[in-house]
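Here's the structure we're looking at; comments come further down.
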Amino acid sequence: MSRLQIESAIETLLQSLQSNTLMDKTFFWNDLKVFCKEGFLVDLQTLSIALVEKQAVSLIDSIACLDYQVAQQLDILVLS
């Protein structure tokens, strides 16, 4: 995945997460599942940089609900 695609996906996830409606929360979890399955978790270095730049490190906790091993690796990359 390109960095632009990853940043766009992060922005979409953040918009859904920050909304207060149940429908948007449902969209968030559905989008996150697609995010995890469509190869966005392949290049963790690029993903970690994008999460830091977009101030979206909190998304790692949500990723942990679907793939805790990737979330652990992202935590390490974000902290380094």
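The values are calculated or read from the model by the stated rules, or taken from the named source; none is laboratory data. Small disclaimer: the values here were computed from a predicted structure and weren't measured. Side chains included, ligands, DNA and RNA excluded: accessible areas come from the protein's heavy atoms. Shrake-Rupley method; radii C 1.70, N 1.55, O 1.52, S 1.80 Å.
List of remarks:
- J(HN,Hα) series, the range 2-15, from Karplus relation 6.51 cos²θ - 1.76 cosθ + 1.60, nearest Hz, glycine and proline x: 7, 4, 4, 5, 5, 5, 5, 5, 5, 4, 5, 4, 5, 4
- Tilt relative to the chain, helix 22-37 - C-alpha long axis, 0 to 90 degrees, to 10: 30 degrees
- Estimated translational D of the range 4-44 in µm²/s (Stokes, Kirkwood radius over Cα pairs; 4 °C; 1.567 mPa s): 125 µm²/s
- Ligands, DNA and RNA left out, the accessible area of the range 1-60 computed with a 1.4 Å probe is 56% carbon and sulfur.
- The largest-to-smallest principal axis extents of the Cα set in the chain are 35, 24, 22 Å.
- With the helix formula -39500 (n - 2.57) applied to DSSP H stretches of n ≥ 4, the chain reaches a computed 222 nm mean residue ellipticity of -24500 deg cm²/dmol.
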